[in-house]
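K.L.:
Right, I'll just put the structure down here and ask away after.
The values are calculated or read from the model by the stated rules, or taken from the named source; none is laboratory data. Bear in mind the structure is a predicted one, so any value in this text is a computation, not a measurement. Positions of Cβ are generated from backbone atoms using ideal geometry, with glycine treated the same way; all protein chains shown enter the neighbour counts.
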Amino acid sequence: MKVFENHTIVSLLKEYQKVWALGYASSVLGWDKNTYMPPKGAEARGAAVGELRALKRFYMLQLRHLVEKAEKEELNDFERGVVRVLKRDLHYFESVPESLIKKEAKVTAEGYVTWVQAKRRSDFRLFAPKLKEIFEVEKEIAEHLGYDNHPYDALLDLYEEGLTVKKCEDLFSIVPKLSKLYKEVVGEEHPLAEEKYDRDAMYALNKYVVHILGFDFSRGRMDVSPHPFTDGIDINDVRITTWYHEKDFRRSLGAAVHEFGHALYDLQIDPALARTPIGEGVSTGVHESQSRFWENIVWRSRTFVEYFWNAISTFLPFVEDYGKEEVYKYFTVVRREPIRVEADEVQYVLHVFLRYKIEKELLEGSLEVSEVPNRWNELFESLFGYLPPDDAHGCLQDVHWSEGYIGYFPTYAIGSILAVQIRNAMEKDTGAPEQLVENGNFGIIRKWLKEKIHRWGATYPPEELVKRATGEPINPEYFVDYLRRKYCNR
Ligand code: MG
């Protein structure tokens, strides 16, 4: 079957190649910035990326007439997907003035530098004036984009098509249950967290594990970065990173598996969609559901430890003193953890909820920037039952606000919640994925994900894709049930 047949769409995609190439270049520059670029290269890199973005805007706007023409013609699902995605991009570029995009770039560049200093000194007052400016700019962007009910809706939609405050409220309706569960099961850190590992051996184990899970090193790389990430530069060039901390091997291996999940999504998109507007993951939340699926469902399982035991104990011989069950407990321990990126699957969504509340309140004006640390601590204490030690471990811990990523956090909750719904849907077709892990049947898992989610790229909007893949809209109750089964009475 030919994916793109309509003549207008074919012409449109031909014109789109300039936009694609600019995105491709920005993607390589972004990967390099986060891996090997020397610190002093940052200034020129920022300027170059800004120019590429302006060029992208210029070429995007030229596509308007072809998009409008195509929209009136009879199209298949893929072609409709192309029109939908391009209309979203056009809406952004046509609504938000170039001057405001430049202002955003300037404010966030300064914001990032100020945040780094403020976090180092754990002094929110240093960051407060910049944060105020950033929220003002983002609110202005929201006004230009337009919304029905809440300015936050306009920003949420940038990361997760169709997401609104109303839908977030539904998603976060499970927060009281999660908070109660967390307080029931929270315990002490596992002694394995103190075991030092050999860095080369750790690298070899990470490489072995992602290879066995299905990462194709002829189409990807695995590097080191201060924060793990995935960059899908092209369908045949998908790069992941992980981190190394001398001890606590769970962090390095868990991140490698998490990023593998992101990478597999990009690697399994239908090659016919490459270099088109729908040749990438459909949304931030659906992308995160793929990384969380491999991290939470596959990696945090007894069967994973069982299947990989020979490899783990060969590369990290100290695990022999503990045994398989202790390694599983170490992977799934629930402990007091004020830092979101270190949080386990039981408390993770609570950390996200806290940020959602603060973003929403700042945007609607019911909270002042100066009140953020107090509000943070108040929410944190009610969710977790204790206070973070300082602002560096509280409201200053995340980079997102300094970069202007307002509306991004809720997609992390979507990722964790959706991963479980996907697990349950998969179970009906293939049997429990945890059982497939026991026999190393990762190919069956990959195939299911490819057919139901990956191959489609951004053809369908996220909510439609979720319905097609799992048979129903996103339902956070599955997540609570899963956590109860896994963490209560064990
Ligand atoms: Mg991720």
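K.L.:
Kindly provide the set of residues from segment 188-242 that are of a type in the set (F, W, Y), away from the ligand (no atom under 16 Å from the Cβ) and surrounded by 14 or more Cβ atoms within 10 Å (Cβ to Cβ), ordered by number.
P.N.:
Y197, Y203, Y208
K.L.:
Restricting to segment 156-182, give me the number of residues that are more than 17 Å from L465 (Cα to Cα) and of a type in the set (G, A, S).
P.N.:
Going through segment 156-182 one residue at a time, the tally reaches 2.
K.L.:
I've got another one for you. For segment 160-216, enumerate the residues that are closer than 29 Å to H245 by Cβ and of a type in the set (F, W, Y).
P.N.:
Scanning segment 160-216 gives Y182, Y197, Y203, Y208, F215.
K.L.:
Sort through R251, R292 and tell me the only one that's surrounded by fewer than 21 Cβ atoms within 10 Å (Cβ to Cβ), at pLDDT 95 or above and either within 16 Å of the ligand (Cβ to nearest atom) or closer than 21 Å to K452 by Cβ (or both).
P.N.:
Of R251, R292, the one residue that is surrounded by fewer than 21 Cβ atoms within 10 Å (Cβ to Cβ), at pLDDT 95 or above and either within 16 Å of the ligand (Cβ to nearest atom) or closer than 21 Å to K452 by Cβ (or both) is R251.
K.L.:
Could you list, in sequence order, all residues of segment 388-436 that are of a type in the set (A, V, I, L, M) and either at positive phi or buried (at least 24 other Cβ atoms within 10 Å of the Cβ) (or both)?
P.N.:
L396, I406, A413, I414, I417, L418, A419, V420, I422
K.L.:
Sticking with this one: Between a residue in segment 210-230 that is over 18 Å from R250 (Cα atoms) and part of a loop (DSSP other than H, G, I, E, B) and any residue that is modelled with pLDDT of 95 or more and away from the ligand (no atom under 16 Å from the Cβ), which pairs come within a Cβ distance under 6 Å, given they are 6 or more apart or on different chains?
P.N.:
G214/F442; G214/R446; R219/N236
K.L.:
Using the structure shown, decide if L396 is touching a residue at least 60 places away in the same chain (Cβ under 8 Å) and over 18 Å from L264 (Cβ atoms).
P.N.:
yes
K.L.:
Select, from G440, G415, G431, the only residue that is under 12 Å from the mean Cα position of the chain (by Cα) and either farther than 19 Å from L178 by Cβ or not aromatic (F, W, Y) (or both).
P.N.:
Exactly one residue qualifies, and that residue is G415.
K.L.:
Still on this structure, please answer the following. Are any of the residues in segment 400-409 within 17 Å of D344 (Cα to Cα), at pLDDT 95 or above, within 16 Å of the ligand (Cβ to nearest atom) and in contact with a helix residue (DSSP H, G or I) (Cβ under 6 Å, 6 or more places away or on another chain)?
P.N.:
yes
K.L.:
Let me ask something additional. Name the residues in segment 263-280 that are crowded, with 24+ Cβ neighbours inside 10 Å and either within 12 Å of the ligand (Cβ to nearest atom) or part of a helix (DSSP H, G or I) (or both), would you?
P.N.:
Answer for segment 263-280, where residues must be crowded, with 24+ Cβ neighbours inside 10 Å and either within 12 Å of the ligand (Cβ to nearest atom) or part of a helix (DSSP H, G or I) (or both): A263, L264, Y265, D266.
K.L.:
On to the next question. Return yes or no: is E15 more than 30 Å from H227 (Cβ to Cβ), acidic (D, E) and surrounded by fewer than 18 Cβ atoms within 10 Å (Cβ to Cβ)?
P.N.:
Yes, satisfied.
K.L.:
Another one. Consider A193 carefully, then state whether it is touching an Asp or Glu at 6+ places or on another chain (Cβ under 6 Å) and assigned to a helix (DSSP H, G or I).
P.N.:
yes
K.L.:
Show me the helices (runs of 4 or more DSSP H) entirely contained within segment 1-116 in which 1 or more residues are more than 28 Å from L163 (Cβ to Cβ).
P.N.:
Hits in segment 1-116: 7-35, 42-61, 64-71.
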